[in-house]
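Report on one structure; see the data block that follows.
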Amino acid sequence: QERLLTILCQVQLRPEVVRSLARLMDSENARVRSRVAFLLTGVDPDGPWLDRALRDGDARTRANAIEAVARSKRTDAVGLLEAAAQDPHHRVRGNALWGLYRRGQVSSLGPTEKLLRSEDPIERRAGLWLVETTSDPRWSGLVGAMIARNEGEGRRRCLKALAAMRQRREQTLNS
């Protein structure tokens with residue numbers, strides 16, 4: 001089931017096909033529920049499964065539902081994303097902040113900086129993922145300073161985020 005759902009997440013399916021997967025929201029396998037939440041919310045962001053996915057005890061399921069909301073054209077997406085930005089899990093917060101950033105919401109900037117400045121390496125990793133994904137150069141100074149404080153994987157992620165920002169700047173200059 002997991003492998004099939006991973007593949008289905010990569011292709012565009014007709015809504016009626018995806019809706020037929022709704023029964024898998026009852027799966028005991030959290031990975032299955034998370035992929036189904038992404039698919040269902042992506043096809044029908046107003047469907048009943050969104051609320052259920054956002055209340056799920058598994059952070060991956062909540063994060064995937066929020067990612068689908070972030071990609072959607074929902075008119076109430078900002079409110080949902082702002083609420084999810086308060087989630088206790090870094091992955092859910094990161095996806096919510098990414099969605100807010102994509103919608104031009106400055107409310108994403110403070111929490112992003114908080115993630116980057118966190119003492120918790122997992123929180124910093126979520127912040128670095130967000131910076132790398134957005135490639136926003138406003139974070140280059142903070143991320144550059146983080147290189148000295150990080151080793152191994154943390155340093156690699158800082159360098160990766162800086163490279164993404166540099167690439168975006170070069171693309172902008174060449175446009």
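Annotations for the structure displayed:
- Summary of packing: across the peptides 96-103, 162-169, the per-residue average of other C-beta atoms within 10 Å ranks them, highest first, as 96-103, 162-169.
- Cα centroid of the stretch 31-76 to Cα centroid of the stretch 150-175, whole Å: 30
- The modelled label-to-label distance for the pair Glu170/Gln86, using points 7 Å beyond Cα in the direction of Cβ, is 4.3 nm.
- Largest accessible area first, the listed residues Leu173, Leu81, Leu54 line up as Leu173, Leu54, Leu81 when surface is computed with a 1.4 Å probe on the assembled protein chains.
- Solvent exposure of the stretch 71-175 amounts to 58 Å² per residue of accessible area, where only protein heavy atoms count and the probe is 1.4 Å.
- When Ile147, Ile66, Ile122 are compared by accessible area of protein heavy atoms, the largest-first order is Ile122, Ile147, Ile66, using a 1.4 Å probe.
- Answer label, with Cα Rg over 2.2 N^0.38 Å calculated from the coordinates and candidates (i) 1.38; (ii) 1.02; (iii) 1.10: (iii)
- Nearest-10 value in Å² for the accessible area of Asp87, using the 1.4 Å probe: 20
- Within a Gaussian network of the chain (alpha carbon springs, distance under 10 Å), most fluctuating of Pro45, Pro88, Pro121: Pro88
The values are calculated or read from the model by the stated rules, or taken from the named source; none is laboratory data. Since we're looking at a predicted model, the values are computed, not measured. When we count neighbours, we look across all protein chains shown, and the Cβ atoms used for this are built from the backbone with ideal geometry, even at glycine. Protein only, heavy atoms only, side chains kept; ligands, DNA and RNA dropped before computing areas. Shrake-Rupley method; radii C 1.70, N 1.55, O 1.52, S 1.80 Å.
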